[in-house]
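In what follows, a single structure is set out as structure tokens and then discussed.
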Amino acid sequence: MKVTVENKKGLNKDIKVFIDKKTMNSYMDEKYEEIKGTVNLKGFRPGKVPVEVLKRQFGKAVFSEVLDKVLKDTTTKALEENKIKPAGQPKLDLKTYGEDKDLEYIISVTEFPKVELKSIENIKFDEYTVKIDESETEKRIKEIAKNTPSFKDAPPETKAKEGDLVSFDYTATVDEKSFKGGEGKNTQLTLGKDLFLKGFDKQLVGVKKDDQKIVEAILPENFPEKELVNKKAKFNCKILSVKISEEVKIDDQFAKNLGAKDLIDLKTLISKQINDEYKNSLDRLSKNQILKELEKFKVDEIPQNLVDEEVKVLSQGMTDEDKKKSKDNFEEIAKKRIKVGLILNEFGEQNQIKVSEQELQAEVQKQIRMMPGQEKMVMDFYQKNQSALASLRGTVYEEKILNLVKQKAKSNKKEVSKEEAEKILKQSQNQDEGTKQASKKKVETKKKEVKKTSPKTKSPAKKTKKVSKK
């Protein structure tokens with residue numbers, strides 16, 4: 001194999017590959033030997049079909065298969081030997097090919113630019129830790145207690161009121177006929193929340209233990225028996241108990257009910273939970289600071305094909321007119337994203353960063369935990385959608401790279417209170433909104449400029465056309 005690399009403009013290269021016919025014929029002969037034992041032809045014993053007969057019968061199919069394999073293998077080898085990393089799918093142009101002929105083709109490729117990483121150690125970013133005051137922890141625990149009501153049995157003569165817990169059995173009918181799903185045992189309702197059927201709770205206000213109460217309610221749109229939807233049902237309720245709410249005592253037992261060892265352990269867990277809520281958001285700010293610093297790094301040239309692909313992603317769902325108006329702005333965003341991606345990828349390769357299968361599965365489990373009640377759906381999504389799994393792998397890969405960049409860069413460690421953390425996050429949010437508005441204004445200004453200049457540009461074009469005709 002003879003390979004010649006020709007530099008074209010910028011990052012574009014043409015790689016000429018030449019393979020003489022003797023080598024191509026040897027590939028063909030190998031393939032014929034491979035299929036010889038599998039072909040059954042009338043008049044020949046298995047494995048004894050002459051090569052010439054195979055050539056006449058299967059020559060075109062064999063050559064096509066051999067050509068595909070040779071192109072794939074030699075293209076990969078030519079790129080690797082010349083240390084060319086393609087930014088996108090290479091294009092092949094066959095110049096000479098055929099049975100008993102030389103193979104000559106050209107690989108047209110855009111390669112990744114060289115990336116300078118020496119200044120990563122000079123990146124500066126803020127690294128926050130949040131100090132949670134004990135009063136904040138106690139406040140959060142009181143909120144949890146408030147939203148975890150406790151009930152005790154009321155005296156038998158107590159009439160139920162809003163906020164009380166009523167337990168009852170019921171049988172229901174529509175037009176005096178019972179129906180599937182029309183029975184319930186030990187149903188519990190906290191009066192006033194209206195969580196069963198609309199208006200049901202209000203009719204139980206005033207009931208006492210052992211009362212019989214007829215409650216009427218309209219069956220909802222999502223009722224399983226479709227023929228009964230929007231029909232009025234009568235519920236014959238037997239009141240089992242009325243329970244009144246009592247103040248939750250915040251003690252070791254309360255803590256144990258929430259999964260902690262005791263109250264001290266609960267305070268530790270809640271303090272960490274509050275810290276994590278702010279720390280995660282502040283870590284994102286640190287990450288964004290690093291990414292902004294990486295945008296300042298010098299990359300000689302950004303591959304235009306990658307820019308075009310990113311612009312397509314950014315303009316998905318837009319009309320052709322809006323795409324045209326936003327093109328310059330999108331190209332600017334695309335170049336920044338690609339530049340940062342190239343730098344991170346180069347840093348990852350130089351430091352041999354990989355994502356193991358265990359790390360990927362841990363991230364899948366994390367995504368599952370974020371959607372309680374839909375665990376199976378999320379798991380199925382990642383099992384059946386390889387592109388989504390690849391995207392998740394990319395997220396983990398980037399996170400690992402950024403964590404290593406953090407270790408090598410210069411961090412400005414800051415301990416802040418919860419209030420200071422809230423202030424920092426609010427300022428960041430306002431800055432992001434300001435950036436978005438400025439970007440939007442830039443696009444709008446461009447639209448106005450296009451409208452102003454468009455009538456002037458039409459006239460000279462027409463004049464030029466008339467001159468050329470003469």
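The values are calculated or read from the model by the stated rules, or taken from the named source; none is laboratory data. Note that the structure is a prediction, hence the values are computed from the model and not measured. So basically every Cβ, Gly included, is an ideal-geometry build from the backbone, and we count neighbours across all protein chains shown. Areas reflect the complete protein model, heavy atoms only, side chains present, ligands, DNA and RNA absent. Shrake-Rupley method; radii C 1.70, N 1.55, O 1.52, S 1.80 Å.
Here are some conditions: (1) farther than 30 Å from LYS267 by Cβ; (2) open to solvent by 60 Å² or more (accessible area, probe 1.4 Å); (3) out of contact with any Pro (no Cβ under 7 Å at 6 or more places or on another chain); (4) part of a loop (DSSP other than H, G, I, E, B). THR158 meets all but one. Which one does it not meet?
(2)
Just for region 261-280: of the residues that are modelled with pLDDT under 90 and open to solvent by less than 60 Å² (accessible area, probe 1.4 Å), which one is nearest to GLU399 (Cα to Cα)?
Of everything passing the filter in region 261-280, LYS279 is nearest to GLU399 (Cα to Cα).
So the check is Cβ under 7 Å with 6+ separation or different chains; which pairs have a first residue in region 49-65 that's in a helix (DSSP H, G or I) and a second one that's open to solvent by 70 Å² or more (accessible area, probe 1.4 Å)?
GLY59/GLU99; PHE63/GLU99
This table checks each residue for (1) within 18 Å of ASN280 (Cα to Cα); (2) at pLDDT 90 or above; (3) buried (at least 16 other Cβ atoms within 10 Å of the Cβ).
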{"position": "GLU321", "(1), (2), (3)": "no, no, no"}
{"position": "GLU375", "(1), (2), (3)": "no, no, no"}
{"position": "VAL396", "(1), (2), (3)": "yes, yes, yes"}
{"position": "ILE401", "(1), (2), (3)": "yes, yes, yes"}
{"position": "GLU419", "(1), (2), (3)": "yes, no, no"}
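Quick one: is TYR170 in contact with a Cys (Cβ under 9 Å, 6 or more places away or on another chain) and assigned to a strand (DSSP E or B)? Before you say what the answer is, go through the steps one by one.
On the way: in contact with a Cys (Cβ under 9 Å, 6 or more places away or on another chain): yes; assigned to a strand (DSSP E or B): yes.
When the stated conditions are applied, TYR170 passes them.
Considering region 290-305 alone, what residues qualify as being among the charged types (D, E, K, R) and assigned to a helix (DSSP H, G or I)? Let's see the steps before the verdict.
Initially, region 290-305 is screened for residues among the charged types (D, E, K, R), giving 292-293, 295-296, 298, 300-301.
The answer is LYS292, GLU293, GLU295.
Yes/no per residue for (1) modelled with pLDDT under 70; (2) touching a Ser or Thr at 6+ places or on another chain (Cβ under 7 Å); (3) under 19 Å from GLU99 (Cα atoms):
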site	(1), (2), (3)
LYS8	no, no, no
MET24	no, no, yes
ASP29	no, no, yes
TYR32	no, no, yes
ARG45	yes, no, no
VAL53	no, no, yes
GLY59	no, no, yes
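Can you tell me which residues in region 184-209 are surrounded by 12 or more Cβ atoms within 10 Å (Cβ to Cβ), in a strand (DSSP E or B) and of a type outside the set (Ser, Thr, Tyr)?
GLY184, GLN188, LEU189
Give me a count of the residues in region 210-222 that are in contact (Cβ under 8 Å) with a residue 24 or more places away in the chain and surrounded by fewer than 19 Cβ atoms within 10 Å (Cβ to Cβ).
4
Please find, within region 306-319, the residue that is most open to solvent (accessible area, probe 1.4 Å) out of those that are farther than 13 Å from LYS339 by Cα and in a helix (DSSP H, G or I). Outline the logic, then answer.
Initially, region 306-319 is screened for residues farther than 13 Å from LYS339 by Cα, giving 308-309, 311-319.
After this cut, where a residue has to be in a helix (DSSP H, G or I) as well, the list is 308-309, 311-314.
Details: ASP308: 70, GLU309: 98, VAL311: 24, LYS312: 144, VAL313: 81, LEU314: 42 Å².
Ranking the candidates gives LYS312 first.
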